[in-house]
Amino acid sequence: MLNKFEEIKEKGFIEIENSNIDFKKEIAKLKKEKNAVILAHYYVDGEIQDIADFVGDSLALSQKAASTDADMIVFVGVHFMAETAKILSPDKKVILPDLNAGCSLADSCPDDDFEEFIKQHPDHVVVSYVNTTAKVKALTDIVCTSSNAKKVVDSIPKDKKIIFGPDRNLGNYISRMTGREMVIWDGACHVHNEFSLEGILEQKKQNPDAKIIAHPECPKQITLISDYVGSTSGLINFVKEDDAKTYIVATEPGVIHEMKKISPDKFLIPAPGEDAECACSECEFMKMNNIKKLYSCLLHELPEIKVDKDIREKAYKPIKAMLDLS
Ligand code: 13P
Ligand code: SF4
């Protein structure tokens, strides 16, 4: 029989055997008892978004994590998000329903390789997307999210050279938007990088009045045919404010839950991925979160996110620089 820590090491979470539990009711009870706040990203299942205290994109979630007065943050998202929350609120307990909820983009940028890359390009200002590990953030001058990447790059004096990592699609998009040449790390998100141009054009043929909207983590051929490119919140707001009826949505389809809530009269079509078998474009890491694991992590206060003091202090500075600018 495994103890709790061995079980987390093996599975990423502690299994709940009893399925006769009213999970929503128990989560609400535990949350109150422990003065916990549930923060969820728009990519997690709608069922979880509905019981979260706050749902947002990466930027809004970091802002919330920095300002909450709860004792415990339950981060229903992926590891780098919970880690960022811990860096911002080191005295709070930060827990994540499944420790294996990682991120292919963060994984595409190992810290030792990134450090070497920085050494090869001395005298550059290092801008890193929030989808990175704490160790990569510790090597960074200023963090950004997709909501504020343009603003962050624009804030850097024109005579300074820039390293941008790890997302090449976002980096190239921001380079086009700002006219700044940047040295860009060659990483990508396996969800956004895989949208099918042919599939989207086929959807457009069948829905000629539809507007194509895309996240800037998508490759150039997708952003070029899009009517609007923006962060998760940007896409939600665009659908709300815009007067078209139908949208082809090229980002993780979890976002459609909020779009439908605030724009119930709109018709939303998830853009297809290249994978012929699945073509669903879901982020399997975000989808590792479920209500049972959320209950388990609140009950056991595990898995807990910890960041070494030295790394945390170094990683705090570039995140704080971003928050101050936002
Ligand atoms: P935003 O929340 O900044 O839109 O980023 C999307 C993302 O990839 C989160 O993993
Ligand atoms: Fe990472 Fe992509 Fe999933 Fe976002 S959608 S968490 S960038 S793998």
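Using the charge dipole of the stretch 6-154 (Lys, Arg: +1 at Cβ; Asp, Glu: -1 at Cβ; taken about the Cα centre), state which of Thr133, Cys109, Tyr42 has its Cα farthest towards the positive end.
Working it through, the farthest residue towards the positive pole turns out to be Tyr42.
Taking the Cα centre as origin and putting +1 on Lys and Arg beta-carbons and -1 on Asp and Glu beta-carbons, what dipole magnitude results for the chain, to the nearest 20 debye?
That gives the chain a dipole magnitude of about 920 debye.
Along each principal axis of its Cα atoms, how long is the chain end to end? Whole angstroms, biggest number first, please.
In descending order, the Cα extents are 54, 50, 35 Å.
In debye, nearest 20: dipole of the stretch 172-279 around its Cα centre with unit charges on the Cβ of K, R (+) and D, E (-)?
360
Net charge around Asp123, counting only other residues with Cβ within less than 13 Å of its Cβ (Lys, Arg = +1; Asp, Glu = -1)?
+1
What spacing in nm lies between the two simple spin-label points modelled at Lys29 and Ser67, each 7 Å away from Cα in the Cβ direction?
3.3
Give the residue from Ala244, Phe164, Val191 lying farthest towards the positive end of the charge dipole for the stretch 145-277; charges sit on Cβ (+1 for Lys and Arg, -1 for Asp and Glu) and the dipole is referred to the Cα centre.
Phe164
Give the separation of the Cα centroids, the stretch 147-220 to the stretch 223-247, in Å.
14
Could you tell me what a quarter of the Cα convex hull surface of the stretch 123-212 works out to, in nm² with one decimal place?
Across all orientations, the stretch 123-212 yields a mean hull projection of 7.0 nm².
Treating only the Cβ of Lys, Arg, Asp and Glu as charged (+1, +1, -1, -1), what charge dipole size does the stretch 1-82 show about its Cα centre? Round to the nearest 20 debye.
200
For the chain, what % of the accessible area comes from carbon and sulfur atoms, probe 1.4 Å?
Exposed carbon and sulfur together represent 48 percent of the surface.
Using the 2.2 N^0.38 Å rule of thumb for compact globular proteins, work out how the stretch 212-326 stacks up: its C-alpha Rg over that value, please.
Normalised by 2.2 N^0.38 Å, the Cα Rg of the stretch 212-326 equals 1.36.
How would you classify the stretch 1-154 from its alpha-carbon gyration tensor, with a ≥ b ≥ c the square roots of the eigenvalues: rounded for a/c under 1.5, else prolate if a/b is greater than b/c, otherwise oblate?
Cα axes put the stretch 1-154 in the prolate bin.
Hey, got a sec? Which trypsin sites (Lys or Arg not before Pro) in the stretch 115-214 land in a DSSP loop and have at most 10 other Cβ atoms within 10 Å?
Lys158
May I ask you to give the solvent-accessible area per residue for the stretch 56-109, in square angstrom, as obtained with a 1.4 angstrom probe?
28
Please list 292-301, 257-266 highest first by mean number of surrounding beta-carbon atoms within 10 Å per residue.
Highest to lowest by the protection proxy: 292-301, 257-266.
If R₀ is 56 angstrom, what is the calculated FRET efficiency for the pair Lys9 and Ala244, using the beta carbon separation as r and rounding to 0.05?
My answer for the efficiency is 0.70.
Keeping all protein chains in place, calculate the accessible area per residue for the stretch 127-193 (probe 1.4 angstrom), answer in Å².
Roughly 37 Å² per residue, with all protein chains present.
What is the antiparallel percent of DSSP beta bridges lying wholly in the chain, to the nearest 5?
5
Could you please tell me the mean projected area of the C-alpha convex hull for the stretch 57-121, averaged over all directions and given in square nanometres to one decimal?
Across all orientations, the stretch 57-121 yields a mean hull projection of 5.4 nm².
Could you rank the peptides 125-131, 86-92, 58-64, 7-13 by their average count of other C-beta atoms within 10 Å per residue, with the highest value first?
Highest to lowest by the protection proxy: 125-131, 58-64, 86-92, 7-13.
What whole-number value in Å² describes the accessible area per residue of the stretch 194-326 for a 1.4 Å probe?
Averaged over the residues of the stretch 194-326, the accessible area is 48 Å².
For the stretch 167-270, take the convex hull of the Cα atoms, compute a quarter of its surface area, and give me that in nm², please.
The directionally averaged projection comes out at 6.5 nm².
The values are calculated or read from the model by the stated rules, or taken from the named source; none is laboratory data. Keep in mind that what you see is a predicted model, and the values were worked out from it rather than measured. Note that each Cβ is placed from the backbone with ideal geometry, even for glycine, and that neighbours are counted across all protein chains shown. What goes into the accessible areas is simple: the full protein's heavy atoms, side chains included, and nothing from ligands, DNA or RNA. Shrake-Rupley method; radii C 1.70, N 1.55, O 1.52, S 1.80 Å.
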